[in-house]
Every structure is written in C-alpha cells, then in structure tokens.
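The values are calculated or read from the model by the stated rules, or taken from the named source; none is laboratory data. What you are looking at is a predicted structure, and each value in this text was computed from that prediction instead of being measured. Cβ sites come from the backbone with ideal geometry, for glycine too, and all protein chains shown count toward neighbours.
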Amino acid sequence: MNKLSLLAIFIAFFLLNCHKAPTQEPSTTLNTPESSTPSPGVMPQTRLNTYMFNPQNYSWKDVDKFYREDILIKCQGEPYYNNLRKTAIFSLVNQFQLLENADLPTIEFYANELMNINLPDLGVFLKVMKRLEGHWPDSKIQDYALQKRDSTISYIQNNFKEPKKLLDQQKENLENITKFAENL
C-alpha cells in the first residue's frame with residue numbers, strides 16, 4: 001500500500017470522528033468502554049507516523065512496543081488518545097500483519113483493547129475475532145462480537161450529529177459482525 005493510499009485512509013477515518021460536542025467536561029477517566037470520551041480527530045506527530053510511512057524499516061514488534069510503552073502510558077488522558085490507539089491497531093493489523101506474525105497472547109491483548117475503544121475500525125475488529133477462532137471458545141468470540149456491535153451502534157446513536165448517516169456507512173460491517181457471530 002503506498003503512502004498516499006494510507007494517508008487517504010487515515011484522513012477518511014478521522015473525518016468519521018466528527019461528533020457531538022459534550023455538554024460538559026467528563027469527570028471520569030479514559031480507557032474503559034464506560035468512560036471513554038469522544039476525542040477530536042486530530043493527533044500530533046508521533047513515532048507512529050514514522051512507522052506507518054516507513055513500514056519496510058520496522059516490524060509489528062516495534063509498533064507493539066510503541067503502543068504499550070508510549071501510547072498507553074504517556075498519551076493517556078490526551079484528547080487524541082483513543083484516535084491514536086485506533087490508528088495504531090489499524091496499522092498493526094493491516095500494515096504490519098500482526099495477526100499473521102504475533103503470538104496468541106498479543107492478539108488477545110489487542111482484542112481486549114478493541115473492546116475498550118469506542119467506535120474501533122469494525123473491519124479490523126472482525127479480523128481479530130476471526131483470528132481467535134479455534135483459540136477461544138465460540139461463545140466468547142460470539143459474546144465479544146455482539147457486544148462490540150451493540151456498543152458501536154449505541155455509541156454512534158448517542159455521540160454523532162448524523163447517526164443515521166454513519167450507521168448507514170457502517171451497515172455492511174455491522175451485518176458482517178452479526179453474521180459471523182451467528183455462524184459460530
């Protein structure tokens with residue numbers, strides 16, 4: 001995938017994050033599904049940019065280390081925190097072949113991370129769930145898939161100016177998750 005294609009994907013991804021402004025400042029902490037706050041679609045330049053635009057020079061392990069040591073620890077509480085998490089996981093799965101190369105505990109870690117992010121990339125989420133088939137009980141994968149589908153719908157309905165439009169855009173992904181869960 002060339003650099004312009006990646007840039008276009010990320011710009012489109014962040015434009016989807018236009019949401020209703022909260023009526024008051026949140027009084028809870030970030031990093032849980034119950035307390036995550038909508039964050040603007042703006043991120044500062046980070047080392048993640050270097051990894052994404054020069055993937056030939058890095059491995060999934062480099063991005064994983066950056067995610068765990070920098071994003072989760074140093075960026076928590078920043079307004080761009082969830083967008084940075086989403087972008088890093090997207091890049092790990094789609095650009096650095098995390099699902100093909102990482103061990104099972106690492107993949108499980110990112111499955112749990114995706115569960116704790118409002119509005120993750122549903123295509124990435126589904127890839128991770130499919131990779132866990134045969135490793136997790138079908139009932140656990142089904143529960144994760146249906147919970148993420150439902151929480152995504154709820155999040156969109158409650159946090160976006162035009163929820164119907166975004167739900168229409170996500171219709172295929174939501175249907176794919178439902179079919180996947182039902183066929184386990």
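P137 falls short on exactly one of the conditions (1) closer than 28 Å to D168 by Cα; (2) modelled with pLDDT of 95 or more, and that condition is (1). Evaluation of V42 against the conditions (1) under 24 Å from L104 (Cα atoms); (2) at pLDDT below 95; (3) hydrophobic (A, V, I, L, M, F, W, C) shows that the sole unmet condition is (1). If only residues of segment 160-184 that are assigned to a helix (DSSP H, G or I) and of a type in the set (A, V, I, L, M) are counted, the one that is surrounded by the most Cβ atoms within 10 Å (Cβ to Cβ) is I177.
One line per residue, one yes/no per condition, for (1) surrounded by 19 or more Cβ atoms within 10 Å (Cβ to Cβ); (2) within 14 Å of R149 (Cβ to Cβ):
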| site | (1), (2) |
| --- | --- |
| N94 | no, no |
| L98 | yes, no |
| F109 | no, no |
| D121 | yes, yes |
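When segment 118-159 is filtered for residues that are touching a Pro at 6+ places or on another chain (Cβ under 9 Å), outside any helix (DSSP H, G or I) and hydrophobic (A, V, I, L, M, F, W, C), only L119 remains. When N112 is tested against (1) free of Cβ contacts under 8 Å to residues at least 12 places away in the same chain; (2) under 20 Å from S59 (Cα atoms), only condition (2) is not met. Residues in segment 129-141 include none that are hydrophobic (A, V, I, L, M, F, W, C), closer than 24 Å to M52 by Cβ and assigned by TED's automatic domain parsing to the domain that holds N54.
Scanning segment 123-134 for residues that are buried (at least 21 other Cβ atoms within 10 Å of the Cβ) and over 19 Å from L174 (Cα atoms) yields no hits at all.
Let's see how each residue does on (1) on the phi < 0 side of the Ramachandran plot; (2) polar (S, T, N, Q):
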| position | (1), (2) |
| --- | --- |
| K86 | yes, no |
| L92 | yes, no |
| Q97 | no, yes |
| M115 | yes, no |
| L119 | no, no |
| R131 | yes, no |
| D138 | yes, no |
| D150 | yes, no |
| I177 | yes, no |
